[in-house]
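Here is the structure we will look at, set down as structure tokens.
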Amino acid sequence: MSVPQPEDGTPILELRGVDKSFGANQVLHGVDLKVYPGKVTALVGDNGAGKSTLIKSIAGIHPIDGGQVLFDGNPVDISGPRDSARLGIEVVYQDLALADNLDVVQNMFLGRERKNGLLLDEISMEQAARDTLAKLSVRTLKSVRQLVSSLSGGQRQTVAIAKAVLWESKVVILDEPTAALGVAQTRQVLDLVRRLADTGHAVVFISHNMVDVFEVADRVAALYLGRMAADIPISQVNRSQVIELITAGRSGDIGIAPAQAAAVEV
Amino acid sequence: MSSNTISQPTSATEPGGFEADRSADSLGGAVRAYFARVRGGDLGALPAILGIVALGLLFVVLRPETFLTPRNMANLADQAAPIIILAMGLVFILLLGDIDLSAGVVSGVCAAVMAKLLADAGAPWYVAVLAAVVTGAAIGLFTGSLVGLIGIPSFVVTLALFLGWQGVTLRLIGQGGTVPVRDEVISAISDRNVPVTLGWILALVVIALYALLQMNRWRMQKAKGLAHQPLAVVLLRIAVIAVVVVLVTAVLSVDRAPAPGVVLAGIPYAIPLVVVLLLLLTFVLGRTSFGRHIYAVGGNAEAARRAGINVTKIKVSVFVISSTLAAISGIVAAARLGSVAPGSGGGNTLLYAVGAAVIGGTSLFGGRGRVRDAVLGGLVVAIIANGLGLLGTEAYLNFIITGGVLLLAASVDALARRRAAATGH
Ligand SMILES: Nc1ncnc2c1ncn2[C@@H]1O[C@H](COP(=O)(O)OP(=O)(O)OP(=O)(O)O)[C@@H](O)[C@H]1O
Ligand SMILES: [Mg+2]
């Protein structure tokens with residue numbers, strides 16, 4: 001297991017006071033978050049706390065209403081999926097964003113196809129996809145030219161993660177990658193998450209499973225009703241404290257100030 | 001936990017994973033894989049080919065002395081061409097999971113524009129044709145914007161335009177009138193033929209080119225250790241194409257003049273036109289990123305959007321392509337009939353084209369379909385229309401039968417989809 005370390009270096013990705021509303025419904029309230037290279041940050045929170053909304057904001061799917069996003073210390077303006085991709089932010093969505101009618105290679109390169117003039121460069125795309133899958137030690141795919149519709153849940157998850165890694169990404173965000181998986185496939189995905197961090201990626205890992213969180217995470221960030229209750233090294237908390245942060249927004253002297261937490265609840 | 005796995009210079013050819021990509025060299029394996037796909041609901045070109053064979057046999061039996069004659073085959077090609085071209089455009093629309101109910105009447109409007117320019121303004125053929133095609137593209141831009149930018153369901157937009165464009169054609173041509181199309185170049189599409197020798201040369205060039213491209217791709221994939229089909233399958237495919245091309249050329253090279261003394265032989269110009277469109281559009285769909293994005297939007301629009309694909313742009317362009325092809329279809333139909341009437345492009349035109357695309361294997365649910373589907377399905381539809389014509393069936397029966405065939409094809413599509421969902425293909 002990775003040794004928890006004190007905060008070091010500059011975060012590769014930092015959010016400051018991010019707000020996001022859908023119509024009259026404010027989902028994110030002044031959210032701060034720091035994500036470090038080589039670290040897995042577990043983003044936790046109850047259903048509807050705003051985890052998916054937060055990462056979709058980072059990805060440019062839902063542009064933010066207020067606050068700041070810093071990448072490598074510099075303020076950036078992310079207004080679409082291409083902007084985040086250009087910075088090296090890759091997201092594996094909860095509702096996997098794969099096209100069932102395309103094969104594995106086609107999905108991995110979707111929107112960023114390699115070309116030879118006008119022609120798609122199928123050969124180099126297939127080779128790169130295959131190499132990436134092999135590097136991630138993915139051994140369960142029969143063919144990289146298999147349609148995604150014929151893959152199991154775990155295989156889809158693997159393809160989605162491999163797609164994120166293919167792009168020399170610096171930040172990889174995974175929204176509940178193990179939620180629908182069995183024991184063995186969860187194991188594979190957790191190993192994959194750890195390997196991503198060990199190779200220098202900054203990883204954000206959303207999960208409701210505390211066992212998984214404590215197994216792979218270096219830091220934990222807890223969202224409570226759209227507010228960031230804590231963003232700390234996981235060594236500073238134990239499991240019941242994290243659960244308190246998730247359900248009540250505070251635990252002991254960590255979390256949202258009592259007055260504020262009370263205000264949130266009404 | 002091993003931290004260096006990711007940096008190991010692993011190669012995909014090592015054991016573990018991708019076994020199907022490396023063991024694809026046996027014909028037996030390919031045949032098994034094919035039947036697994038069919039059982040999984042992916043019927044491909046199978047229904048259309050079976051349909052062509054079965055209907056062909058049926059009409060040969062019912063009309064032995066007229067159906068399979070070179071004259072009727074040339075007529076069949078002429079009949080099929082406008083249906084196929086319109087259906088090619090609909091394949092693009094259906095790939096997105098949309099529909100264009102106005103495609104038929106758009107072909108009528110564009111043909112009317114061409115006919116008016118030829119007859120009233122005395123414009124040269126190329127100006128008239130260009131105007132018709134530009135009209136088609138502009139109409140597509142309009143339809144596509146209503147669907148893509150404003151977000152009205154394509155069903156409603158094109159239902160409204162179905163009525164609207166008929167009004168425009170009526171205004172252009174006038175109640176009860178017809179505008180003749182007598183320009184020599186335009187009529188040549190349907191009543192002139194490629195000289196027999198040139199026809200044979202073109203046929204051989206097409207076969208050689210196809211074989212070369214297929215073999216080249218196979219060699220490349222094999223050399224680089226990529227997924228590839230067994231050689232036997234590639235060769236078989238080349239052989240089938242070669243036989244079909246040679247047969248068609250041979251039949252159409254026979255003198256089919258109704259009276260002795262004149263010679264009427266060669267491939268009708270409509271066929272090379274369809275072949276060129278087939279090659280061009282297949283290239284666009286299969287080999288360019290634009291085509292890839294069309295499939296992606298049809299398969300999962302949200303995934304496409306998250307991948308940074310401009311979904312609106314894809315939608316609008318697809319409607320432009322479809323309406324442009326509708327214009328070409330209208331021109332070919334006008335050349336065949338020698339005139340444009342207020343009802344041109346109405347009636348069963350659209351039903352034939354949608355039927356062609358779906359019978360050919362394009363899904364009504366989006367994401368699955370190829371340009372060749374329009375050709376195969378268009379042949380099925382044209383054979384039905386042609387054969388029923390030879391039998392002299394009454395019009396009412398003709399409508400019922402063609403409508404029934406479309407329903408049948410749509411059922412096959414829906415069942416294939418359910419089957420695919422059930423078997424995880
Ligand atoms: N596109 C949207 N339009 C309107 N409201 C939305 C939209 N997406 C999310 N919401 C709302 O935002 C809130 C937070 O949702 P979100 O999906 O971010 O929660 P989550 O923390 O990811 O929950 P879960 O653990 O269930 O995935 C919810 O109240 C949800 O209804
Ligand atoms: Mg979520």
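The values are calculated or read from the model by the stated rules, or taken from the named source; none is laboratory data. Computed from a predicted structure; not experimentally measured. Quick reminder, even Gly has a Cβ in these numbers, built from the backbone with ideal geometry, and neighbours come from all protein chains shown. In case anyone asks, the SASA skips ligands and DNA or RNA and just uses the protein heavy atoms, side chains included. Shrake-Rupley method; radii C 1.70, N 1.55, O 1.52, S 1.80 Å.
Quick check: anything in the range A:228-235 assigned to a helix (DSSP H, G or I) and outside the structural domain of residue A:138 (by TED's automatic domain parsing)? For the range A:228-235, residues assigned to a helix (DSSP H, G or I) and outside the structural domain of residue A:138 (by TED's automatic domain parsing): present.
Which fully enclosed helices (runs of 4 or more DSSP H) of the range B:232-326 have 1 or more residues being out of contact with any His (no Cβ under 7 Å at 6 or more places or on another chain) and more than 14 Å from chain A (Cβ to nearest Cβ)?
Result: B:270-287.
Scanning the range B:74-109 for residues that are small (Gly, Ala, Ser) and either closer than 14 Å to residue B:355 by Cβ or part of a helix (DSSP H, G or I) (or both) yields B:74, B:77, B:80, B:81, B:87, B:89, B:103, B:104, B:107, B:108.
Just one of A:126, A:168 is among the acidic types (Asp, Glu) and part of a helix (DSSP H, G or I); which is it?
One residue alone meets the criteria, A:126.
Meeting the requirement of 3 or more residues that are within 20 Å of residue B:304 (Cα to Cα), more than 16 Å from ligand 2 (Cβ to nearest atom) and in contact with a Lys or Arg (Cβ under 8 Å, 6 or more places away or on another chain), the helices (runs of 4 or more DSSP H) wholly within the range A:1-119 are A:81-87, A:104-108. Residue-level analysis places residue A:247 outside the set of residues that are surrounded by fewer than 23 Cβ atoms within 10 Å (Cβ to Cβ), of a type outside the set (A, V, I, L, M) and away from ligand 1 (no atom under 16 Å from the Cβ).
Checked against (1) open to solvent by less than 10 Å² (accessible area, probe 1.4 Å); (2) within 16 Å of ligand 1 (Cβ to nearest atom); (3) of a type in the set (S, T, N, Q); (4) within 14 Å of chain B (Cβ to nearest Cβ), residue A:84 passes all but a single condition, namely (2). Quick check, is residue A:110 away from ligand 1 (no atom under 16 Å from the Cβ), hydrophobic (A, V, I, L, M, F, W, C), in the same structural domain as residue A:147 (by TED's automatic domain parsing) and surrounded by fewer than 24 Cβ atoms within 10 Å (Cβ to Cβ)? Criteria not met by residue A:110. If you take the residues of the range A:96-121 that are among the charged types (D, E, K, R) and more than 8 Å from every other protein chain (Cβ to nearest Cβ), which of them is farthest from residue A:178 (Cα to Cα)? Among residues in the range A:96-121 that are among the charged types (D, E, K, R) and more than 8 Å from every other protein chain (Cβ to nearest Cβ), the one farthest from residue A:178 (Cα to Cα) is A:121. State whether one or more residues within the range A:150-158 are modelled with pLDDT under 90, closer than 16 Å to residue B:300 by Cα and not in a loop (DSSP other than H, G, I, E, B). Yes, the range A:150-158 has at least one match.
Set side by side, the residues A:141, A:136, A:147 differ, and just one is more than 30 Å from residue A:72 (Cβ to Cβ), open to solvent by less than 10 Å² (accessible area, probe 1.4 Å) and within 11 Å of another protein chain (Cβ to nearest Cβ), which is A:141. Residues in the range A:171-193 that are open to solvent by 10 Å² or more (accessible area, probe 1.4 Å), charged (D, E, K, R) and not in a loop (DSSP other than H, G, I, E, B): 2 in all. Among the residues that make up the range A:194-213, is at least one of them in contact with a Leu (Cβ under 9 Å, 6 or more places away or on another chain), assigned to a helix (DSSP H, G or I) and at pLDDT 90 or above? The answer is yes, given that some residue of the range A:194-213 is in contact with a Leu (Cβ under 9 Å, 6 or more places away or on another chain), assigned to a helix (DSSP H, G or I) and at pLDDT 90 or above. Only residues that are over 25 Å from the mean Cα position of the chain (by Cα) and not charged (D, E, K, R): list them for the range B:391-406, please. Passing the criteria: B:391, B:392, B:393, B:395, B:396, B:397. Listed by position, the helices (runs of 4 or more DSSP H) contained in the range B:1-66 that have at least 2 residues being modelled with pLDDT under 70 and either of a type outside the set (Ser, Thr, Tyr) or surrounded by 14 or more Cβ atoms within 10 Å (Cβ to Cβ) (or both) are B:19-22. Contact map, the range A:188-207: residues that are of a type in the set (Lys, Arg) paired with residues that are open to solvent by less than 10 Å² (accessible area, probe 1.4 Å) and more than 16 Å from ligand 2 (Cβ to nearest atom), Cβ distance under 9 Å, separation 6+ or inter-chain. Pairs shown: A:194/A:40; A:194/A:203; A:194/A:216; A:195/A:136.
Which of the residues that make up the range A:194-240 are among the polar types (S, T, N, Q), within 13 Å of ligand 1 (Cβ to nearest atom) and surrounded by fewer than 19 Cβ atoms within 10 Å (Cβ to Cβ)?
A:209
Can you find even one residue in the range A:37-55 that is open to solvent by 40 Å² or more (accessible area, probe 1.4 Å), of a type in the set (Gly, Ala, Ser) and away from ligand 1 (no atom under 16 Å from the Cβ)? No, the range A:37-55 has no match at all.
Here is a yes/no grid of residues against (1) among the acidic types (Asp, Glu); (2) over 13 Å from the mean Cα position of the chain (by Cα):
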{"site": "A:160", "(1), (2)": "no, no"}
{"site": "A:177", "(1), (2)": "no, no"}
{"site": "A:187", "(1), (2)": "no, yes"}
{"site": "A:199", "(1), (2)": "no, yes"}
{"site": "A:212", "(1), (2)": "yes, yes"}
{"site": "A:215", "(1), (2)": "yes, yes"}
{"site": "A:226", "(1), (2)": "no, yes"}
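Does residue B:173 satisfy being open to solvent by less than 70 Å² (accessible area, probe 1.4 Å), farther than 30 Å from residue B:338 by Cβ and at pLDDT 90 or above?
no
Quick one: is residue A:243 among the β-branched types (Val, Ile, Thr), away from ligand 2 (no atom under 16 Å from the Cβ), in a strand (DSSP E or B) and more than 13 Å from the chain's Cα centre (by Cα)? Taking the combined requirement at face value, the residue does not satisfy it. Against the test of being under 23 Å from residue B:130 (Cβ atoms), of a type in the set (Val, Ile, Thr) and open to solvent by less than 40 Å² (accessible area, probe 1.4 Å), the options B:294, B:309, B:331 yield a single qualifying residue, B:331.
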